[in-house]
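I have placed the structure first, in the form of structure tokens, so that the comments after it can refer back to it.
Values in this text are rule-based calculations from the coordinates and carry no lab data. The shown structure was predicted, so the numbers you read here are calculated from the model rather than taken from an experiment. Counting neighbours? That spans all protein chains shown, and the Cβs are built from the backbone with ideal geometry, glycine included.
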Amino acid sequence: MKMPEKESLFSFTLEGLREELQSNGFAKFSADQIFNWLYKRWEMDLDKWSNVSAKIKKHLLENYDCTPPQVAWQAHSIDGTRKFLIAMSDKQTVEAVAIPAKDRLTLCVSSQVGCAIGCTFCHTGTMGLKRHLQAGEIIGQYVAVTLWLQQNVAPDERLTNIVFMGQGEPLHNFDNVKKACATFMEEKGLSISQRKITLSTSGLVPQIEKLWDFPPVNVAISLHAAHNDIRTELMPINKAYDLKRLFEALKQVPLKAHRRITYEYILIADLNDRIEDIEGLSALLTQKESKVNLIPFNEYPESKFKRPSNAKIAWFQNELWERGYVCTVRTTKGDDILAACGQLKSMEDRLNLWNSDVIEV
Ligand code: SAH
Ligand code: SF4
């Protein structure tokens, strides 16, 4: 996996930047000033950092990539969702989606270019893993989208929530995602509360067992099936870590710190939308406080699965409701711009949009 030549400046946690400066003979409090310029004032031009010494700026420019990733393409859906294709310094691109709701603006970020897990319903899964993202390339998605919104929508536009539900399996890139979460939460920087960050995982058991050593953000588990045979068909990772092992590992997650575990369940017609699946779910999810998020399958041109009818989706939700579960249906956002996971990237591949200028559809 070839990574960019230089580490991104945005990869540093505040503590990490203090240490970096100190070990190179600089005053470590400059790190706090740099965080203020980057994440409070949104000033990306080092020349404008009036209280940071020229020597420090020279040192940073020589050793790190100080330019945030760039918005290569964006599309605006009629429901308000905005999809961005973000280009890294080595021209690799990932997607990020800004999803507005009543009192928040959530950014769905990618953690890897592609994904190694290979779920059969997911377009990203068919791409394979190209590389991990650096912590600074995850933070960089937030920075790039914020700058774009400030320039194109409103000067004080701010993203309030983060979900790791773009391309990639965040726990496969554990250390970089952990660092990015620390920077998202840094009070002297972006200052996003842990309650407003959600990490979604396909169920990498060894990394779930390491979550005690991770900022206490919310966790979403991509369950998608309540029976091992169906889950293995959808998610090859179930061969290595089946439902029994997954739920054993989840019992270890410090729930007091990790405020909430949500279960995500993609509904696919005639595959996992039957009464046996409801019974399987209620056998698995014994805690009545379990929250289930139903996601109607988003069809894409080459997909072999189908989305159930609206009546079937409502029936499934109701059956879970009657069994005492908190259960929501994720309304499909940005349908008209193919905003589901991995789908913009595929469209980009098909139309070779990389060569065109930023366009709006
Ligand atoms: N890799 C992690 C992180 C998010 S994956 C995980 O699997 O949990 C991207 C998200 O998009 C997941 O919630 C996944 O369930 C959803 N997704 C992928 N393909 C989809 C499709 N065709 N229709 C609906 N949701 C899809
Ligand atoms: Fe990877 Fe998540 Fe897609 Fe599965 S659903 S292939 S884990 S991005």
* Structure fact -> Candidate span helices, the chain: DSSP H, at least 15 Å along axis from Cα coords, Kyte-Doolittle average at least -0.5, result 135-152, 174-185
* Hey, what number do you get for the chain at 222 nm if only DSSP H runs of n ≥ 4 count, each worth -39500 (n - 2.57), divided across all residues, to the nearest 500? -> -9500 deg cm²/dmol
* Alpha-carbon centroid distance for the pair the range 281-313 / the range 93-120, whole angstrom -> 19
* Asked: When the convex hull of the Cα atoms of the range 10-100 is projected onto a plane and the area is averaged over all directions, what value comes out in nm²?
  -> 7.1
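Take every Cα pair under 8 Å in the chain that's 6+ residues apart, average their separations, divide by the length, and report that relative contact order as a whole percent. Could the numbers behind the result be given before it?
On the way: 665 pairs, mean separation 60.1, N = 361.
Once normalised by length, the contact order is 17 percent.
ASN152 to ASN36: FRET efficiency via 1/(1 + (r/R0)^6), r the Cβ-Cβ distance, R0 35 Å, to the nearest 0.05?
Details: r = 24 Å, r/R0 = 0.70.
Rounded to the nearest 0.05, the efficiency is 0.90.
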* Structure fact -> Checking rank on 43-49, 109-115, 12-18, with mean other Cβ inside 10 Å and highest first, the result is 109-115, 12-18, 43-49
* For a label point 7 Å along the Cα-to-beta-carbon line of GLU5, residues of the range 87-105 with backbone N under 14 Å -> 89-91
* Asked: Counting pairs of alpha carbon atoms under 8 Å apart in space and at least six apart in sequence, what relative contact order in percent does the range 9-63 give?
  -> 27
* Bridge type composition, the chain - antiparallel percent by DSSP, nearest 5 -> 45
* Structure fact -> With T = 4 °C, eta = 1.567 mPa s and Kirkwood Rh from C-alpha pairs, the Stokes-Einstein D of the range 70-360 in µm²/s is about 67
* Taking square-rooted eigenvalues a ≥ b ≥ c of the alpha carbon gyration tensor, is the range 9-63 rounded, prolate or oblate, where a/c under 1.5 means rounded and, failing that, a/b exceeding b/c means prolate? -> oblate
* Asked: Between LYS251 and LYS91, what FRET efficiency comes out of the Förster formula 1/(1 + (r/R0)^6) with R0 = 25 Å and r the beta carbon distance, rounded to 0.05?
  -> 0.05
* Structure fact -> Sorted by chain and number, the residues with a modelled amide H under 5 Å from that of SER8, at a separation of 5 or more or across chains, are ASP65, GLY136
* **Segment GLU233-ARG104, length gained on full extension (0.36 nm per residue, minus Cα span)** => 42.9 nm
